Amino acid sequence: MKNKFDIERLAKLSRIELTPEETTKFQPELERFLEFAKCMDKYDLKEEVADSVTDNTLPFNKDQHVVSLDHHQVLKSESHCSQNYFKLPRVVKK
Amino acid sequence: MKRTIAEIAKSVEKQGVRKTILDGLVDYENQSKNLNFSTFYDKNKVEEQIAELEKRLQAGEDLPLAGVTVGVKDNIQIKGWPTSCASNMLKGYISSFDADVIEKLKVAGAIFIAKLNMDEFAMGSSTEHSCFGVVKNPADTSRVAGGSSGGSAAAVASGALDVSLGSDTGGSIRQPAAFCGVYGFKPSYGTVSRHGLVSYGSSLDQIGPITNNINDIMVLHSIMSGYDDRDSTSIASQYKQIHKPVYCLLDEASLEGCDKDIIENYQSWANKIKENFETKTINLDFLKDSIAIYYLIATAEVSSNLAKFDGVRYGNRATEFEGYEDLVVKSRTNGFGSEVKRRIILGNFVLSAGYSDKYYKRAKQIRVLFKEKLQTILGENGILLTPTSPTPAFKIGENTGDPMKMYLSDLYTVFLNLVGFPGVSIPSSYNKTKLPLGLQFVSNHLTDDFLLKSVSELETKCISGGK
């Protein structure tokens, strides 16, 4: 692959639009970082992967009803709300 | 006015809590205007809290933090206050709940004065990436206050506030503390709840205090730490009891690339420590590589954490769009600054099909190695001494054009977040142009008490001139 860092595709994945200037600027910066990250190649690795830095196993939440935030309180400061719903454009087209 | 918590308690006894607080805030607005460390300040909210505090004290409540003025980094939620994360994405957003640390500090009688400026979503090392503008260093206003908790450090260093809260994902408490000449502590990962902290890197973030002395760090940490079942990574802080430290001092190779003043300061402290304590010389050969590992993991995590900012339920929503997908893209494009966009894009690359094993998985494997290396170096009772930063505070604008240069300035801080160990930065001296020089002390996981007590004892024995 000639250019593995396809910045336009990644911007789309990130749901961000880049200006042409940002695309021109970010591409070499991020490629430079990936070059720097090649330092990883020298390490002789075990299979173990640390998802948590502590030795604890992350617990599952208990399957029980808990009181959440007051809906009215949460929604009252949001301007895109109506009758306890968030208003937004139709997602599924007719 | 710089005061300790102990001095404040005496003042409250002598002249009441209202006068103590207002005396402490006498220069607040001027300092905030000059240094730009505040994102939100409302006198009415301060007055409400003073009135509440007076009632509680009259009712006989024991409030160890009564009279202490606290600033809070603007990524930590206080109910009814704005939480912007210094981003256009969240400008105007009002928090609907208190973070766990805020709840704990409220119980102890703390009074919250302001939300403090920061790099956007905690991404940065200079507080130049803020929608509210740059924070200036009180020691030299042509220089940065460090980041991302630049506002928190500047507010305390200037004497405008007694203490502040920051968050530390790759050095964001310790480095600004060093740049501004104050104390900053990153606790052991898991000991301070992240409930109510807007996430940047979930396996790296910790909230910690910034103060003018080591005793206040200890007081605040004892109040803020503790198990919280709302944070799945929270652990009960059962600190290991250790007594006599062995100080691990860096060899010459591990100081390569540091500013001359930083090296001289380090050597001066190392010599004093050798006179008073048991020491050993060590090499940290993984420091530079830890920057790559950190940015691979942190950007992967932040690309996921910031996916929730889509303009639908809260925060910035684009005003012109065609359809749902366009709403999301335009809201995010308009809401995020360039450094945030850069890191989200890198994070999505690191997690994308065909690359996640090569980059993200591999970075997590190397993280395990680094933790083992550092545990071997420290042993049971080791305390590692490093400079907090390879340079003192740099000029505003000096590093913004070169992200890699900015990332490399995190040389001595990011490895600590990767392994989850505690670290404290203390103001150790000044250079010839009176810029503060910080030193960092690091110990093993869950040895926070040992670390802080040892550093307190060390300061007493080894205090250098110029502080």
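The values are calculated or read from the model by the stated rules, or taken from the named source; none is laboratory data. Predicted model only: the values in this text are computed from it and were never measured. Neighbour counts run over all protein chains shown; Cβ positions are idealised from the backbone, glycine included. We work out accessible area using only protein heavy atoms, side chains counted, and drop any ligands, DNA or RNA first. Shrake-Rupley method; radii C 1.70, N 1.55, O 1.52, S 1.80 Å.
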In square angstrom to the nearest 100, the accessible surface buried at the A/B interface, both sides summed with a 1.4 Å probe, amounts to 5500 Å²
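Could you sort the peptides B:68-75, B:268-275 by per-residue average Cβ neighbour count (10 Å cutoff), highest mean leading?
Peptide ranking by packing, descending: B:68-75, B:268-275.
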Sorted by chain and then number, the residues having a modelled amide H within less than 5 Å of the amide H of B:T69, at least 5 places away or on another chain, are B:D162, B:V163
Taking a label point 7 Å from the Cα of B:K14 along Cα-to-Cβ, the residues of the range B:62-100 whose backbone nitrogen sits under 16 Å from it are B:67-68
One finds the C-alpha centres of the range B:215-262 and the range B:107-186 to be spaced, in Å, by 19 Å
Length gained if B:I463 through B:V246 is fully extended, taking 0.36 nm per residue and subtracting the Cα-Cα distance, is 76.3 nm
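Only helical DSSP H runs with n ≥ 4 go in: add -39500 (n - 2.57) per run for chain B, normalise by residue count and round the 222 nm mean residue ellipticity to 500 deg cm²/dmol. Don't skip to the answer; put the middle values down first.
Values: 16 runs with 184 residues, N = 467.
-12000 deg cm²/dmol, from helical runs alone.
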With +1 at each Lys and Arg Cβ and -1 at each Asp and Glu Cβ, the charge dipole magnitude of the protein assembly as shown around its Cα centre, to the nearest 20 debye, comes out at 660 debye
Residues whose modelled amide H sits under 5 Å from the amide H of B:S172, counting only those 5 or more places away in sequence or on another chain, are B:S148
Restricting to aspartates and glutamates and to Cα separations under 14 Å from B:K330, and discarding same-chain partners fewer than 8 apart, the set is A:E17, B:D310, B:E320, B:E322
A 1.4 Å probe over the protein heavy atoms gives the range B:164-238 a carbon and sulfur accessible-area percentage of 45 percent
Everything considered on the Cα gyration tensor (a ≥ b ≥ c; rounded for a/c under 1.5, else prolate if a/b is larger than b/c, else oblate), the range B:321-467 must be described as oblate
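Using a 1.4 angstrom probe on the protein heavy atoms only, could you order B:H129, B:H221 from most to least accessible area?
Result of the area sort, largest leading: B:H129, B:H221.
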If amide H atoms are modeled at 1.01 Å from N in the peptide plane, then the residues at a separation of 5 or more from B:I282, or on another chain, having amide H under 5 Å from its own are B:L249, B:L250, B:D251
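For the range B:225-355, just say rounded, prolate or oblate: build the C-alpha gyration tensor, square-root its eigenvalues into a ≥ b ≥ c, call rounded for a/c under 1.5, and beyond that prolate if a/b exceeds b/c, oblate if not.
prolate
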The alpha-carbon center of the range B:334-403 and that of the range B:416-434 are separated, in whole Å, by 17 Å
Residue by residue through the range B:320-334, the couplings from Karplus 6.51 cos²θ - 1.76 cosθ + 1.60 with θ = phi - 60°, in Hz, x for Gly and Pro, are 10, 7, 10, x, 5, 4, 5, 4, 5, 4, 5, 4, 5, 4, 6
Computed ³J(HN,Hα) along the range B:282-293: with the Karplus parameters 6.51/-1.76/1.60, θ = phi - 60°, integer Hz and x for glycine or proline, the list is 9, 10, 10, 6, 9, 4, 5, 5, 5, 5, 4, 4
Mean per-residue count of partner chain Cβ within 10 Å for B:317-329 equals 3
Given a 1.4 Å probe, the accessible area of the protein assembly as shown per residue, as a whole number of Å², is 41 Å²
Surpassing 26 Å at the alpha-carbon level, of the pairs B:K104/B:K186; A:K42/B:K405; A:K38/B:K405; B:K136/B:K461, are B:K136/B:K461
Applying the gyration tensor rule to the Cα atoms of the range B:33-115 (axes a ≥ b ≥ c; rounded if a/c under 1.5, else prolate if a/b exceeds b/c, else oblate), the class is prolate
Among B:S356, B:Y266, B:V182, the residue whose Cα sits farthest towards the positive end of the charge dipole of the protein assembly as shown (+1 at Cβ of Lys and Arg, -1 at Cβ of Asp and Glu, taken about the Cα centre) is B:S356
Whole-Hz Karplus couplings 3J(HN,Hα) for the range B:90-107, θ = phi - 60° and coefficients 6.51, -1.76, 1.60, Gly and Pro as x, run 10, 4, x, 5, 10, 5, 10, 7, 8, 5, 4, 5, 5, 4, 5, 5, 4, 4
Expected integer from the mean partner chain Cβ neighbour count at 10 Å over B:359-366 is 5
Distance in Å, no decimals, from the C-alpha centre of the range A:7-29 to the one of the range B:1-69 is 46 Å
